[in-house]
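Here the structure comes first, spelled out in structure tokens, and everything after it is commentary.
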Amino acid sequence: MTNDQITTAYQQAKSVFEKYGVDTDKAIEMLKTTPVSIHCWQGDDVKGFESPELELSGGIQTTGNYPGAATTPDQLRADMDKAFSLIPGKKRVNLHAIYIDSDKHVERDQIKPEHFSRWVEWAKQNDLGLDFNPTLFSHPKADDGLTLSHPNDEIRQFWIDHVKASRKVSEYFGRELGSTSFMNIWIPDGMKDQPVDRLSPRKRLMESLDKALEEKIDGAYHKDAVECKLFGIGAEAFTVGSNEFYLSYAATRNTALCLDAGHFHPTEVISDKISACSLYVNDLQLHVTRPVRWDSDHVVSFDDETQAIMREIVRNDLLDRVSIGLDFFDASINRIAAWVIGTRNAQKALLKALLEPTAELKAAEESFDYTTRLGLMEECHSLPWAAVWDYFCLQNEVPVGFDWMKDVKDYEATINATR
């Protein structure tokens, strides 16, 4: 379509939404200013740059061998630059500690802000916020499947010190960029078969977290988040950091709670948890991903759950309390395309939620008119939201529709193919 055709279609869609009391210009502005935290680890299959000999462990598994993975920080940043040029709206970048950009090896308990200064300079040049994660997997001191809950004092202290060091990096991001950095703590701790003692590891984890997070840091620069999980590869029978553990920890320690869409039973969804958790936890961080039968972290699609997640945020007016992040890694397809597909789908779902006539739906529900509620909810699916999305892309000077794929293929042929 031409620019004039896209604009005309938008004006027509705008008039349709007005009949439902929806201001499309306002929805576009909210979408434009709501950042999505895009995970760096899609670009290199979660290998990082700490050591070329690093082997994935802790239940982390990437499948596929599509050519062109980033092997240096500069390559990864260039790949993200390309992806971001095809994604509209406000963006953040989510880094793990293994994405250190240093000229020499630095052990994880010794990382410092200076080892991530090149990431900060890049973020400043591109108007990006940065988030952070300590990396408590793929390391010899995590080979037992336990880290912060390990019974060995020395190993446990190593990981406590790593989390402490990571918090200073996160604070540095927030201060330098003027945007709060969420630092999410996920650990692989668990057991393959049924344990005899579930309490002791959880007690050690609680005490380790208390020690790691004891220093008060200004929330304007840094916020701690803890991430729950049901099970993992090698931890099928018991996960120390369960949903109940971390929800309780976040509620009693005033940390943020991270809900990952793949960390629960196959039929259990995080969309239903958002409102419940918001009553007890002030800040929520989401890892929007697509589990297929298990925590497989497929590229986010425009599926029912992704749409339901965004509706829950919008319907309950939680945009200022929820950090929307992505978490998937697929090495079977072009990695830049994966970022573009997944992020644009998350944004489409958010826009569709912003275009919902929430006031009318709530009025019907509050008057027990469930017939109108159901009918209107279903009608919303076929409203011309796609015309609004196309106009949003046009405004943000990114390709409309599937035109972005040509850019990806050109980059693959000229850049990725040379690696």
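Bear in mind that the values in this text are calculations on the coordinates, not laboratory data. Just so you know, these numbers come straight off a predicted model, no measurement behind them. Glycine gets a Cβ as well: all are built from the backbone with ideal geometry, and neighbour counts include every protein chain shown.
Computed from backbone phi with θ = phi - 60° and the Karplus coefficients 6.51, -1.76 and 1.60, the 3J(HN,Hα) list for the stretch 308-314 is 5, 4, 5, 4, 4, 5, 6 Hz; x is used for glycine and proline. The phi-based Karplus calculation (6.51 cos²θ - 1.76 cosθ + 1.60; θ = phi - 60°) puts the 3J(HN,Hα) values of the stretch 116-125 at 10, 5, 5, 5, 5, 4, 5, 4, 4, 5 Hz, whole numbers, x for Gly and Pro. A straight Cα-to-Cα reach below 24 Å connects K203 with the lysines K141, K164, K192, K211, K216, K223, K229, residues fewer than 8 places away in its own chain not being considered. Over the stretch 35-341, how many percent of alpha carbon pairs lie in each 10 Å bin up to the one with the longest distance? Per 10 Å bin, starting at zero, the Cα-Cα P(r) for the stretch 35-341 comes out as 6, 29, 39, 23, 3, 0 percent.
Of the trypsin sites (Lys or Arg not before Pro) found in the stretch 205-291, those that fall in a DSSP loop while having at most 10 other beta-carbon atoms within 10 Å are K216. Calculated mean residue ellipticity at 222 nm for the chain: -13500 deg cm²/dmol, from DSSP H runs with n ≥ 4 weighted as -39500 (n - 2.57), summed, divided by the residue count and rounded to 500.
The HN-Hα couplings worked out from phi for the stretch 69-75 by the Karplus form 6.51 cos²θ - 1.76 cosθ + 1.60 (θ = phi - 60°) are 4, 5, 10, 9, x, 5, 5 Hz, whole numbers, x standing for Gly and Pro.
Exposed loop positions in the chain were taken to be GluC sites (Glu not before Pro) whose DSSP state is not H, G, I, E or B and which have at most 16 other beta-carbon atoms within 10 angstrom. Between these positions, the longest stretch is 269-396. Roughly speaking, what is the centre-to-centre gap between the stretch 362-419 and the stretch 40-64 when only Cα atoms are used, to the nearest Å? With the stretch 362-419 and the stretch 40-64 each reduced to a Cα centre, they are spaced 31 Å. Centre-to-centre separation between the Cα atoms of the stretch 274-339 and those of the stretch 90-114: 24 Å. Straight Cα distances below 15 angstrom link K32 to the aspartates and glutamates D23, D127, D320, D390, E397, with same-chain residues fewer than 8 positions distant left out. Once backbone amide H atoms are built at 1.01 Å from N, V93 has I38, G129, L130, D131 as its partners under 5 Å, excluding neighbours fewer than 5 places away on the same chain. Annotation note: chymotrypsin sites (Phe, Trp or Tyr not before Pro) in the stretch 361-413 located in DSSP loop regions with a Cβ neighbour count of at most 15 within 10 Å are F368.
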